[in-house]
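The values are calculated or read from the model by the stated rules, or taken from the named source; none is laboratory data. Bear in mind the structure is a predicted one, so any value in this text is a computation, not a measurement. Cβ sites come from the backbone with ideal geometry, for glycine too, and all protein chains shown count toward neighbours.
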Amino acid sequence: MGFYSENILPYLLDWSLSDPNLALHRREILADVKGEVLEIGFGTGLNIPYYSENIKNIVTVDVNPKIHKLAQKRIQASQITVDCRILNSDNLPMADNTFDSVVSTFTLCSIANVDRALAEVYRVLKPGGKFFFVEHGLSDEPKVQVWQNRLNPIQKAIAGGCHLDRNIKQLVENQFDTVSLQNVNEDSLPKITAYLYKGIAKKN
Ligand SMILES: C[S@@+](CC[C@H](N)C(=O)[O-])C[C@H]1O[C@@H](n2cnc3c(N)ncnc32)[C@H](O)[C@@H]1O
C-alpha cells in the first residue's frame with residue numbers, strides 16, 4: 001500500500017460514499033441481515049448505523065490498514081462490537097460454514113480477484129446463509145458502457161482499483177444458484193457509477 005492509498009484514499013472514499021441517497025440503499029439491504037455476520041471491504045464503517053438492533057457483533061475484513069482509523073467514530077457510536085481484521089477477502093482464514101450473513105457494499109468493484117473472493121464468501125456462509133450486496137457496475141445503457149470502458153483505467157488508479165464496468169449480476173450468479181437482484185439507476189450519481197446491483201444470494 002502506498003502513501004495515497006493509506007492517507008488520502010480513505011478520506012475520499014468516506015466522503016464519496018457518505019451520499020445520503022446511498023444510505024437509503026444501505027438501510028434497505030441491511031435490514032434483513034441476521035445471525036453471525038461478516039462484512040467484506042468494511043472501509044470507513046458506513047454500514048454500521050444500518051444493521052438491525054438484533055445484531056450484536058460483526059466480523060469485518062479490509063485490505064487497507066489505515067482505513068479503520070476513520071471507522072472508529074462509527075464503531076464507538078454503535079452498540080455493535082466490531083472485530084476488524086486486516087485481511088484480503090480472497091483468502092479468508094475462517095472455517096467453512098461459519099456465517100449466517102455476509103455483506104458487501106461498493107466493494108466487489110475493487111477486489112482484484114473478485115471470483116476468488118466470491119468463492120470465499122460462499123465457502124464461509126452456512127448452508128442457507130445469505131450474501132447481501134449493493135454494488136455499482138456495468139450499466140445497461142450501451143453509451144454509458146462505452147464511457148465506463150474508457151474511464152476504467154483512470155478510475156482504477158484514483159479509486160483503489162475500482163472497476164466501473166463489472167457485471168455484478170454475472171459475477172454473483174457464477175457463484176450462487178439462488179440470486180434475487182434488483183437494478184436501480186441512482187440518479188444522484190454520475191452515470192458511470194449510477195447503475196446499482198442490489199440483491200441477496202443464498203447458499204443452498
Ligand atoms: C469503495 S470502498 C467501500 C467501503 C464500504 N464497503 C462502503 O460501503 O462504504 C471498497 C473497500 O474495499 C476494500 N478492499 C479492496 N479490495 C479488498 C480485498 N481484496 N479484500 C478486502 N477488502 C478490500 C478497500 O480497502 C475499501 O475499503
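One residue stands out in segment 73-90 among those that are in a loop (DSSP other than H, G, I, E, B) and over 20 Å from residue 122 (Cα atoms): the one that is farthest from the ligand (Cβ to nearest atom), namely 79. Residues that are free of Cβ contacts under 8 Å to residues at least 60 places away in the same chain and part of a helix (DSSP H, G or I) were ranked within segment 21-66; the one that is farthest from residue 79 (Cα to Cα) is 24. Just one of the listed residues (112, 117) is more than 20 Å from residue 24 (Cβ to Cβ), within 9 Å of the ligand (Cβ to nearest atom) and in contact (Cβ under 8 Å) with a residue 60 or more places away in the chain, and it is 117. As a summary of the residue check, residue 93 satisfies the conditions (1) within 16 Å of the ligand (Cβ to nearest atom); (2) under 21 Å from residue 30 (Cβ atoms); (3) surrounded by fewer than 13 Cβ atoms within 10 Å (Cβ to Cβ); (4) not acidic (Asp, Glu) except for the one numbered (2). Consider segment 135-184 and keep the residues that are more than 16 Å from the ligand (Cβ to nearest atom) and among the small types (Gly, Ala, Ser). The one that is surrounded by the most Cβ atoms within 10 Å (Cβ to Cβ) is 139.
Answer with yes or no whether residue 150 is part of a helix (DSSP H, G or I), farther than 14 Å from residue 38 by Cα and at pLDDT 95 or above. Spelling it out, residue 150 is indeed part of a helix (DSSP H, G or I), farther than 14 Å from residue 38 by Cα and at pLDDT 95 or above.
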